[in-house]
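Below: the structure, in C-alpha cells.
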Amino acid sequence: MSLEQALDQLDTPFLISSFIFGGLVGSFANVCISRWPHGESVVSPRSRCPKCKNSIAWYDNFPVISWLILGAKCRNCGLPISWLYPLVEAITAVSFALVYLRFGAIIAAPIYMFFVVCMIIVTFQDLTDWTIPDEISVWGIFIGLGVAFIGMFFPAAELRVTTPIDALLGIALGGGIIFTIDRLTLILLKKPGMGMGDVKLLAMIGSFVGWQGVLATLMLACLLGSVIGVSMILYFKSRGEGEGSATEADASGKNGDDTAGGDVKTETVIRSAEDDEDITLEGHYLPFGPYLALAGVVYIFIGPELIAMYIGWANLAGTL
Ligand SMILES: [Zn+2]
C-alpha cells in the first residue's frame, strides 16, 4: 500500500478528529475572547463561569454538548450562559473539518487551522468588545512570516505564501493600505476611519496570504461589508422606524453589535457599550475586523481560484 492509499484509508477518522479537535480549540478560543479584553491570563485559572466565577468541572466542559445538556445554564449559579460560547465552538469545529477537506493530511492543514481559529477569535472579540487582540495581530505577523519559510523549503506544502519576500510585501501592503485609509479619513473627513487594530490585522493576514492575497482580501472584505452592512441597515430600518436619518447607519451598526453580543454576555456588552460612548465622541466607528477576518479565511480556502477568476474577467473585459 502506498503512502497515498494509506492516507486515503485514514480519511474519515482524520476528518472526525479534525472536527473534534476544532471543538476543543474553539473552547480555548472562548477563553481568549472572554479574557484578553480584560488583560487576564488564558492559561490559569481554569475555565470558569463568567457570572459566579466558579470553576467548570471537566464533565461540564465538553464543547457545545455540555451547553446543550445543561440547558444553557451554569450548573452552580443557574444563570444563563451565552449562546456565543457553543457558537464559537461549533464554527471552529466545522472550520477545522473544512480545512482538512480542503488541504488533506499535509502541513498546510494545521497551519491554516491555526489561521482560521485566529480569525474566529478576532471576529468574536471585535463583535463583543470592539477590540482586536494584539496577541493575534502582532504575534501572528511573525508566525505568518515563519510559515513563508516553510513554504519556501517545502513547495509541495500547498501554502499560500511561498517566499518570505511575498509575506513581507503582504505585511507592508496590508498594514500600509489600512493605515493610509485611516490617515486620509482623518485628514479629509476629520474623523478616525479604521483604527490601528485593523492596520495590524490586515498586516497579519498579509503575512499569511502575500501581497496579491492582501488585495483580494481587502476587495472581498469591502464586498462582504457592503452586502452585510446594507442588509443590516435595511433590516433595522424596517424594524425601528423614526430614528434620526443622520445617525441611522451608525445606530444600526450598534444594534448589530448588540445582537451579535447576545443578551447573556451582559458584562461584555455593557462594557463595550461604555467603550462605544467614548469611541462615538471621536466620530463614527466602523467595525471592519470581522469582514477582514472572514475575507482572509475565504482567501485561504479559494484564493488562487479567486485570482484566476478575476484575471479571467479582466481579460474578458479587455477583449470587449
Ligand atoms: Zn455560574
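Has the range 269-284 got at least one residue that is at pLDDT 80 or above, small (Gly, Ala, Ser), touching a helix residue (DSSP H, G or I) at 6+ places or on another chain (Cβ under 9 Å) and not assigned by TED's automatic domain parsing to the domain that holds residue 79? Step through it out loud before you land on a result.
Step one: of the range 269-284, the residues at pLDDT 80 or above are none.
There is no residue in the range 269-284 that is at pLDDT 80 or above, small (Gly, Ala, Ser), touching a helix residue (DSSP H, G or I) at 6+ places or on another chain (Cβ under 9 Å) and not assigned by TED's automatic domain parsing to the domain that holds residue 79.
Answer with yes or no whether residue 141 is over 19 Å from residue 38 (Cα atoms) and among the β-branched types (Val, Ile, Thr). Spell out how you get there, then give the answer.
Working: over 19 Å from residue 38 (Cα atoms): yes; among the β-branched types (Val, Ile, Thr): yes.
Criteria met by residue 141.
Within the range 79-103, the residues that satisfy the criterion of being assigned to a helix (DSSP H, G or I) and of a type in the set (Phe, Trp, Tyr) are 85, 96, 100, 103. Taking every residue in the range 199-214 that is of a type in the set (Ser, Thr, Tyr) and pairing it with any residue that is modelled with pLDDT of 95 or more, at least 6 positions away or on another chain, the pairs with Cβ-Cβ distances below 6 Å are 207/141; 207/144; 207/145; 207/167; 207/170; 207/171.
Here the range 41-67 is the region considered, the condition is being away from the ligand (no atom under 16 Å from the Cβ) and of a type in the set (Val, Ile, Thr), and the residue that is least open to solvent (accessible area, probe 1.4 Å) is 42. Before we move on, is residue 91 within 19 Å of residue 35 (Cα to Cα), aliphatic (A, V, I, L, M) and within 23 Å of the chain's Cα centre (by Cα)? For residue 91, the condition - within 19 Å of residue 35 (Cα to Cα), aliphatic (A, V, I, L, M) and within 23 Å of the chain's Cα centre (by Cα) - is not met.
Restricting the first member to the range 58-74 and to residues that are assigned by TED's automatic domain parsing to the domain that holds residue 94 and hydrophobic (A, V, I, L, M, F, W, C), and the second to residues that are more than 15 Å from the ligand (Cβ to nearest atom) and modelled with pLDDT of 90 or more, the beta-carbon pairs closer than 6 Å and six or more apart or on different chains are 64/86; 64/89; 64/90; 67/86.
When 19, 96 are checked against the criterion of being more than 13 Å from the ligand (Cβ to nearest atom), open to solvent by 20 Å² or more (accessible area, probe 1.4 Å), under 24 Å from residue 119 (Cβ atoms) and touching a helix residue (DSSP H, G or I) at 6+ places or on another chain (Cβ under 7 Å), a single residue qualifies: 19.
Identify, please: which residue in the range 79-93 is among the β-branched types (Val, Ile, Thr) and away from the ligand (no atom under 12 Å from the Cβ) and is, among those, surrounded by the fewest Cβ atoms within 10 Å (Cβ to Cβ)? Working first, answer last.
Just the residues of the range 79-93 that are among the β-branched types (Val, Ile, Thr), to begin with: 81, 88, 91-92.
Subset that is away from the ligand (no atom under 12 Å from the Cβ): 88, 91-92.
Values: 88: 28, 91: 19, 92: 27.
My answer is 91.
When you look at residue 76, is it of a type in the set (S, T, N, Q), outside any helix (DSSP H, G or I) and either surrounded by 14 or more Cβ atoms within 10 Å (Cβ to Cβ) or within 16 Å of the ligand (Cβ to nearest atom) (or both), yes or no?
For residue 76, the condition - of a type in the set (S, T, N, Q), outside any helix (DSSP H, G or I) and either surrounded by 14 or more Cβ atoms within 10 Å (Cβ to Cβ) or within 16 Å of the ligand (Cβ to nearest atom) (or both) - is met.
Of the residues making up the range 184-224, just one is at pLDDT below 90 and open to solvent by less than 20 Å² (accessible area, probe 1.4 Å), namely 193.
Among all residues of the range 26-40, there is at least one that is among the small types (Gly, Ala, Ser), more than 16 Å from the ligand (Cβ to nearest atom) and either not in a helix (DSSP H, G or I) or not assigned by TED's automatic domain parsing to the domain that holds residue 85 (or both).
Of all residues in the range 125-148, exactly one satisfies the criterion of being of a type in the set (Phe, Trp, Tyr) and modelled with pLDDT under 95, namely 130.
Among the residues of the range 114-164, those identified as open to solvent by 60 Å² or more (accessible area, probe 1.4 Å), part of a helix (DSSP H, G or I) and of a type outside the set (Phe, Trp, Tyr) are 134, 135, 143, 152, 155, 156. Within the range 284-320, the residues that satisfy the criterion of being part of a helix (DSSP H, G or I), touching a residue at least 40 places away in the same chain (Cβ under 8 Å) and hydrophobic (A, V, I, L, M, F, W, C) are 292, 293, 294, 295, 297, 298, 300, 301, 306, 307.
The values are calculated or read from the model by the stated rules, or taken from the named source; none is laboratory data. Computed from a predicted structure; not experimentally measured. Every residue, glycine among them, receives a Cβ derived from its backbone with ideal geometry; neighbour counts consider all protein chains shown. Calculation scope for accessible area: heavy atoms of the full protein, side chains included, ligands and nucleic acids excluded. Shrake-Rupley method; radii C 1.70, N 1.55, O 1.52, S 1.80 Å.
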